[in-house]
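Chemist: Below: one structure in structure tokens.
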Amino acid sequence: KVSPAPVKSSACATASPDQHMETSHASEKARLTATVHPQATGEQPLEGVRRMLQPLLVVFVALLFPLRAMLLLSVTVLSLLIAPLVTLGLPPNTQLTGARRAIFVVSHKLIARTAMIACGVWPGLCTVHGTLDPNAPVTVFGPHVGLLDALFWLQYCAPRPVLLETYAKLPALSSIVRACNGLAVPVPSSTTLGKREDDQATAGEAKKERAKAATGAIRAAILEHKRTFVPGQMPIMLLPEGITHNGLSMLKFFPGSFEGGSPVQPVVFSYPFKYINSHSFLADTGTHLFRMLCSPFTSLTVTILPIYQPSEDEKADATLFAENVRKVMASELGLPLSHYGAKELREEFKAAALASRAKA
């Protein structure tokens, strides 16, 4: 293992090793049943005094919601103004460095932390254990629950995201992705695939081919980043689960993040809750934002684990590598290993949608 060294400061509080050993939320989550579906909220009903105080909570939320919504809207507009300015005149495929990068990082440290406050992560409710290792080309994190994950990383160090070029070119995201030195992966076209949807494949088959080609393109881009990585550069940030869920288990990992045999640095997120799960993206974007803005408070603990050096067997088998890292991350939080993965969840969504249409 390589001794980790601090690379960035954070607006969230940094915990000491003693505090880290005394983390209490892991044991509480371990008591939660492992049979909770990844897309269920996992909320328990209010009881006792809390139930009696529920009307006061509703009044509190009603008064706070418009203020939070305005705050979130304001910092979003500010971000959309700053990002284009710092990337103005920057040649294509050129990384943001120097004063441009410094302006973006400093401004978005404040912007993202303010957005977190608007979503209920009040000062003192975000704690970070550990530091990023400058020798790690890839950082993998989980469980992936929703928007707050991205806001944390933006205020912590603005790492490099990896996404398809289609999304990187969206008007609201393009400048921010460029400012973060995002790794935008070109989307394979139908010509590249050598197929035409109208005469050589059904629409469903063509869609599967495009998805398969896109996955291959992302894997190739990740491998190229690992090959050319120089210690001290900003790592790419990967979500090996590939889908959001309630955070009560660790979903199966896609092996693409672990190909090539390079070390990775695992990072685990914990949002301890019992009665209100406002942080998980379990429905649509509007519902997700509404629940966060209505939440009285949300607590976040981020633990940056030591860099994981793969064994020779893991270097030769990305699936084995991914599974062993998943076990380490789940163990850190005291979470069960889910038999679900993004593929299984999407198949469930599809089956449920078909059943709903059939009933209609």
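The values are calculated or read from the model by the stated rules, or taken from the named source; none is laboratory data. Keep in mind that what you see is a predicted model, and the values were worked out from it rather than measured. We place every Cβ from the backbone using ideal geometry, glycine too, and count neighbours over all the protein chains shown. Ligands, DNA and RNA are excluded from the accessible area calculation, which covers all protein heavy atoms including side chains. Shrake-Rupley method; radii C 1.70, N 1.55, O 1.52, S 1.80 Å.
Chemist: All but one of (1) of a type in the set (Gly, Ala, Ser); (2) in contact with a strand residue (DSSP E or B) (Cβ under 9 Å, 6 or more places away or on another chain); (3) part of a helix (DSSP H, G or I); (4) at pLDDT 90 or above hold for ALA26; state the number of the condition that does not hold.
Modeler: All conditions are met except number (4).
Chemist: Only one of these is among the aromatic types (Phe, Trp, Tyr), more than 19 Å from HIS37 (Cβ to Cβ) and open to solvent by less than 30 Å² (accessible area, probe 1.4 Å): PHE321, PHE290. Name it.
Modeler: Details: PHE290 fails: open to solvent by less than 30 Å² (accessible area, probe 1.4 Å).
After ruling out the rest, the residue left standing is PHE321.
Chemist: Here is a check on your reading of the model: is LEU110 touching a Leu at 6+ places or on another chain (Cβ under 7 Å) and surrounded by fewer than 18 Cβ atoms within 10 Å (Cβ to Cβ)? It would help to see each step written out before you state the result.
Modeler: Working: touching a Leu at 6+ places or on another chain (Cβ under 7 Å): no; surrounded by fewer than 18 Cβ atoms within 10 Å (Cβ to Cβ): yes.
So LEU110 fails the test.
Chemist: So, in the range 231-242, of the ones that are modelled with pLDDT of 90 or more and open to solvent by 20 Å² or more (accessible area, probe 1.4 Å), which residue ends up nearest to PHE269 (Cα to Cα)?
Modeler: Among them, the one singled out is LEU239.
For every residue, the table says whether it meets (1) of a type outside the set (Lys, Arg); (2) out of contact with any strand residue (DSSP E or B) (no Cβ under 6 Å at 6 or more places or on another chain); (3) closer than 17 Å to VAL145 by Cα; (4) in a strand (DSSP E or B).
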residue: GLY256; (1), (2), (3), (4): yes, yes, no, no
residue: ALA283; (1), (2), (3), (4): yes, yes, yes, no
residue: THR287; (1), (2), (3), (4): yes, yes, yes, no
residue: PRO306; (1), (2), (3), (4): yes, yes, no, no
residue: PRO310; (1), (2), (3), (4): yes, yes, no, no
residue: LEU320; (1), (2), (3), (4): yes, yes, no, no
residue: ASN324; (1), (2), (3), (4): yes, yes, no, no
residue: ALA330; (1), (2), (3), (4): yes, no, yes, no
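Chemist: Moving on to the next point. Collect the residues in the range 118-153 that are outside any helix (DSSP H, G or I) and of a type in the set (A, V, I, L, M, F, W, C), keeping them in residue-number order.
Modeler: CYS119, VAL121, TRP122, LEU125, CYS126, VAL128, LEU132, ALA136, VAL138, VAL140, PHE141, VAL145 - these are the residues of the range 118-153 that are outside any helix (DSSP H, G or I) and of a type in the set (A, V, I, L, M, F, W, C).
Chemist: Here are some residues: LEU345, LEU300. Which one is more than 30 Å from VAL58 (Cβ to Cβ), under 19 Å from the mean Cα position of the chain (by Cα) and surrounded by 17 or more Cβ atoms within 10 Å (Cβ to Cβ)?
Modeler: The match here is LEU345.
Chemist: Looking at the range 37-66 only, could you name the residues that are touching a helix residue (DSSP H, G or I) at 6+ places or on another chain (Cβ under 9 Å), in a loop (DSSP other than H, G, I, E, B) and open to solvent by less than 50 Å² (accessible area, probe 1.4 Å)?
Modeler: Correct list: PRO38, GLN39, LEU46.
Chemist: Something else: Of all residues in the range 161-176, how many are in contact (Cβ under 8 Å) with a residue 24 or more places away in the chain and either open to solvent by less than 10 Å² (accessible area, probe 1.4 Å) or not in a helix (DSSP H, G or I) (or both)?
Modeler: Looking only at that region, the number is 4.
Chemist: So which residues in the range 132-150 are over 27 Å from PHE321 (Cβ atoms) and surrounded by fewer than 22 Cβ atoms within 10 Å (Cβ to Cβ), if there are any at all?
Modeler: LEU147
Chemist: May I ask you to say which residue of ALA201, ALA220, ALA158, ALA179 is at pLDDT below 85, hydrophobic (A, V, I, L, M, F, W, C) and either at negative phi or open to solvent by less than 80 Å² (accessible area, probe 1.4 Å) (or both)?
Modeler: Testing whether each residue is at pLDDT below 85, hydrophobic (A, V, I, L, M, F, W, C) and either at negative phi or open to solvent by less than 80 Å² (accessible area, probe 1.4 Å) (or both) leaves just ALA201.
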